[in-house]
Structure formats: structure tokens, C-alpha cells
């Protein structure tokens, strides 16, 4: 038996056929991997574009980020994990009006035990220098 869920949040109505189940572990990012309901693909690129993806793209089921080439992990969003400017992840998302139910179902990118990218606000973390190499990380819903 399938359960369907309706969320009403921030003036929008969302209908989910299936509630995704997120892993509870931090995993190293690989070029192609599955992370809960998300297919994750990572590839090097030479000319980065920095389009802003937001919760709208997450809702559509496909989104990406371009980051400097480095070793990253993918993790479930943890409100206790260090984030920018001593702000909690929960407060950051609230300030940017991210629908609550998407927060627990959208992974974050982690570097050195700190969140370096979240996909729900469309905000980019500051990159202090111009990297020589870039990675594009794409997540798409695989259900």
C-alpha cells in the first residue's frame, strides 16, 4: 500500500507519492553513486557556470553545483554540523524561506567536517581564490 503525503508550506501545496528515505551517514563523493533516493554524478569541468539552484530545482528532482576540485563528502543535513558565520543550518533555511519538509530530504556537501554547500537556497559559499580545476556535482531523483 502506498502512502501519499500533502504538505502545505509557505504558500505552496506539495504532493508526494512516496516519502524518500535519506541515509544517516556521511559518504565520500564518487563520480557516480546512489545516496538514498538521489543519483549523484560528479565530473570535472573546465568552464564553470555558477547557476543558482534552489528548493524549486530540488522539488523538480534535478539540481547541481559547481565547486573547486577537492575531496568532498555527501551527508544528510545535520543542524549541529558547522555552517557559515556561526549560523545554524535550520536558521539559515528559515531566513531563506525553504519549505520545511525538503530540509530533511536534501543532502548537503561537506568538506573538512563543515558544510560547504547546501542546495535549497541558491546561495553559493565564498571561494577565496580562483581554483584551477572545477567539479560539477549533479543530483537527480532516481525513483
query: When the range 3-29 is examined, which residues are found to be under 19 Å from residue 111 (Cα atoms) and surrounded by 12 or more Cβ atoms within 10 Å (Cβ to Cβ)?
result: 23, 26, 27, 29
- prompt: Of 78, 34, which residue is at negative phi, surrounded by fewer than 18 Cβ atoms within 10 Å (Cβ to Cβ) and without any contact (Cβ under 8 Å) to a residue 60 or more places away in the chain?
  reply: 78
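Inside the range 44-69, can you point out the residues that are in a strand (DSSP E or B) and within 14 Å of residue 141 (Cβ to Cβ)? Steps first, answer last, please.
First, pick out the residues of the range 44-69 that are in a strand (DSSP E or B): 44-45, 62-68.
Of everything in the range 44-69, those that are in a strand (DSSP E or B) and within 14 Å of residue 141 (Cβ to Cβ) turn out to be 62, 63, 64.
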statement: Quick count over the range 1-32, residues being at pLDDT below 80, part of a strand (DSSP E or B) and under 13 Å from residue 76 (Cα atoms), is 0
- line: Restricted to the range 83-100 and to residues being under 16 Å from the mean Cα position of the chain (by Cα) and modelled with pLDDT under 80, the residue surrounded by the most Cβ atoms within 10 Å (Cβ to Cβ) is 83
message: I'm trying to understand the selection: among the residues of the range 79-101, which are closer than 19 Å to residue 11 by Cα and in contact with a strand residue (DSSP E or B) (Cβ under 7 Å, 6 or more places away or on another chain)?
response: 99, 100, 101
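The values are calculated or read from the model by the stated rules, or taken from the named source; none is laboratory data. Owing to the predicted nature of the structure, the values given are computational and were not obtained by experimental measurement. Don't worry about glycine lacking a Cβ; one is built from the backbone with ideal geometry, like all the others, and counts go over all protein chains shown.
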